[in-house]
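Working notes, structure below.
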Amino acid sequence: TSARVRHVEPSAPMTFAPPRPVRGPLLLVDIGGYTAFLQAVAHAHKDDAFADGNVPDAYAMVSSLLDGIVGRMVPPFSLAKLEGDAVFVYATAVDEVPRGAAFLAALRRCHDDFVARLGEAGVRWVCQCDACARISSLDLKFIVHAGPYVIQAIAGREELSGPDVVLAHRLLKSRAAEVIGHGAFALVTDAATRSLEVPTDLARPIVEQYDHYPPVDAHVFALHDLAS
């Protein structure tokens, strides 16, 4: 008996939206102290956390903090993604976002909202353990860069890629905190200050060096020095 050959219809070719090259500002808003805080909460509540659906209040509070950052930055920026303890936003054109001193004021207002939400924790939380009380130690750092990047479709969603996107993320590990001593700060690269016409009279200069990149000139602003 001859074997029967099964006819299989050829599948339709997969289609992808072509990568789109753009140029504009990139902004990362990172919650400093986030990982240590949640680890301390998880340890303090190790006997009761997540049992029977019980989630420590700290997780809801962190969600509120991230939601507040997105609410302040989007619009005028577009949300690229949430990255654990950071919000990554972008704009495809410089004229979509505030410029000059208005841009710095927008960062300060975002930080003011963040601090206000932290203050709500003492009123809303039931738990007063030492770990949960460390919520007040959280603070923000802003990384602002500008340059060319590519928007491409990956797994059904838009992703940003390119050397300047990588550089913005590497700057999260800069020496900016050492430069200002303590507190919330904004690190704005020289490329971003030129693109967004950001005044630097209140900033301290910094130069960062990373493999495969030329030296990165930037300016560090202490958030408490900026008018809101």
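Observations
- Matching residues in segment 96-116 - criterion: being at pLDDT 90 or above, open to solvent by 20 Å² or more (accessible area, probe 1.4 Å) and under 21 Å from residue 22 (Cα atoms): 98, 99
- For first residues located in segment 166-183 and closer than 11 Å to residue 141 by Cα, partners that are open to solvent by 30 Å² or more (accessible area, probe 1.4 Å) and not charged (D, E, K, R) and lie 6+ apart or on another chain with Cβ distances below 8 Å form the pairs 183/224.
- Pairs meeting the criteria (first residue in segment 189-208 and without any contact (Cβ under 8 Å) to a residue 24 or more places away in the chain, second residue outside any strand (DSSP E or B) and open to solvent by 30 Å² or more (accessible area, probe 1.4 Å), beta carbons under 7 Å, at least 6 apart or on different chains) are 207/215.
- Counting only strands (runs of 3 or more DSSP E) that sit wholly inside segment 117-215, those with at least 1 residues that are surrounded by fewer than 21 Cβ atoms within 10 Å (Cβ to Cβ) and among the hydroxyl-bearing types (Ser, Thr, Tyr) are 157-161.
- So residue 110, is it touching a residue at least 12 places away in the same chain (Cβ under 8 Å) and in a helix (DSSP H, G or I): yes
- When residue 215 is tested against the conditions (1) in contact with a helix residue (DSSP H, G or I) (Cβ under 8 Å, 6 or more places away or on another chain); (2) over 19 Å from residue 104 (Cβ atoms), the lone failure is (1).
- For segment 20-60, the candidate set comprises residues that are assigned to a loop (DSSP other than H, G, I, E, B) and open to solvent by 80 Å² or more (accessible area, probe 1.4 Å); within that set, the residue that is modelled with the lowest pLDDT is 50.
- Among residues of segment 123-151 that are closer than 13 Å to residue 62 by Cβ, those with a beta-carbon under 7 Å from a residue that is open to solvent by 40 Å² or more (accessible area, probe 1.4 Å) and of a type in the set (D, E, K, R) at least six positions away or on a different chain give the pairs 125/57; 132/57.
The values are calculated or read from the model by the stated rules, or taken from the named source; none is laboratory data. Fair warning: this is a prediction, and the values are worked out from it, not measured in the lab. We place every Cβ from the backbone using ideal geometry, glycine too, and count neighbours over all the protein chains shown. In case anyone asks, the SASA skips ligands and DNA or RNA and just uses the protein heavy atoms, side chains included. Shrake-Rupley method; radii C 1.70, N 1.55, O 1.52, S 1.80 Å.
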